[in-house]
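The values are calculated or read from the model by the stated rules, or taken from the named source; none is laboratory data. Please read these numbers as outputs of a predicted model, since none were measured by experiment. All Cβ positions, glycine included, derive from the backbone under ideal geometry; neighbour counts span all protein chains shown.
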Amino acid sequence: FVDDTAQVFLGLRIACANCHHHPYEKWSQDDYWGLAAFFGRLGKKQVSVPSTTNNQRNLQVIFTRPDGNVTNKRTNKPAVLKPLDGEPVVLERGDDPRQKLVDWMVDVKNPFFARAVA
């Protein structure tokens, strides 16, 4: 989720930071995993559904879990919710981290979204 979100909505390619930090790139592994943490509650599963040819067809379903996180591969600890070039985000009970991410994306102080959309 994080690679597509960064490229489509922010105009940034940060996939390499998943595993390592290039000395000439701005984004670190902590930046990558901070952004990935916004998607920690998402899950994926395969679901069989009937098809028109009397066979079963498998679909991938994406769903929201009540809780969850991602592990920062560099630290092997739960990643801290943190938008790129932003401050860590604290969630209140019942908050959806993806909504906090969207709020940050469309904030007038965020230089990435406007440039990517234009």
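A compact table of results
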quantity: Residue count for region 1-11, restricted to those that are modelled with pLDDT under 90 and closer than 10 Å to A116 by Cα; calculated: 0
quantity: Residue in region 25-45 that is hydroxyl-bearing (S, T, Y) and either farther than 19 Å from F112 by Cα or touching a Pro at 6+ places or on another chain (Cβ under 9 Å) (or both) present; calculated: no
quantity: Test: residue in region 41-54 that is under 22 Å from L84 (Cα atoms) and at pLDDT 90 or above; calculated: yes
